[in-house]
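Q: Just passing along the structure, written as structure tokens.
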């Protein structure tokens with residue numbers, strides 16, 4: 001399986017877990033390593049780092065400073081909506097709260113419209 005640019009960024013953070021790392025350090029290593037492995041330029045590594053933070057793979061400490069903590073990484077499955085939430089209509093206001101007693105982990109409650 002071919003290594004993607006996101007995989008290469010995660011490889012760097014996995015080699016340096018639980019450490020506050022400035023974006024510049026990641027970008028420098030990733031661009032050199034990508035060019036060495038693939039022979040092409042790495043386009044916009046900053047965007048990929050921000051995307052990983054938005055997905056919960058990295059922790060954004062402040063602007064330009066990220067951390068990878070293997071114990072706190074959210075799995076992709078945790079970020080996807082459950083069927084009962086995904087199938088609700090967006091035309092109504094809906095309140096969602098955790099429901100540990102159900103097969104679906106959320107209860108959808110219609111909130112009064114204003």
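The values are calculated or read from the model by the stated rules, or taken from the named source; none is laboratory data. Note that the structure is a prediction, hence the values are computed from the model and not measured. Every residue, glycine among them, receives a Cβ derived from its backbone with ideal geometry; neighbour counts consider all protein chains shown.
Q: Which ones in region 23-62 are in a loop (DSSP other than H, G, I, E, B) and within 21 Å of the chain's Cα centre (by Cα)?
A: Filtering region 23-62 for residues in a loop (DSSP other than H, G, I, E, B) gives 39-44, 55-58.
Within region 23-62, 42, 43, 44, 55, 56, 57, 58 meet the criteria.
Q: Moving on to the next point. For region 38-55, how many residues meet the condition of being farther than 21 Å from residue 67 by Cα and surrounded by fewer than 12 Cβ atoms within 10 Å (Cβ to Cβ)?
A: 4
Q: Among the listed residues 26, 73, 107, 96, identify the single one that is surrounded by 13 or more Cβ atoms within 10 Å (Cβ to Cβ) and modelled with pLDDT under 55.
A: None of the other options fit; the residue is 107.
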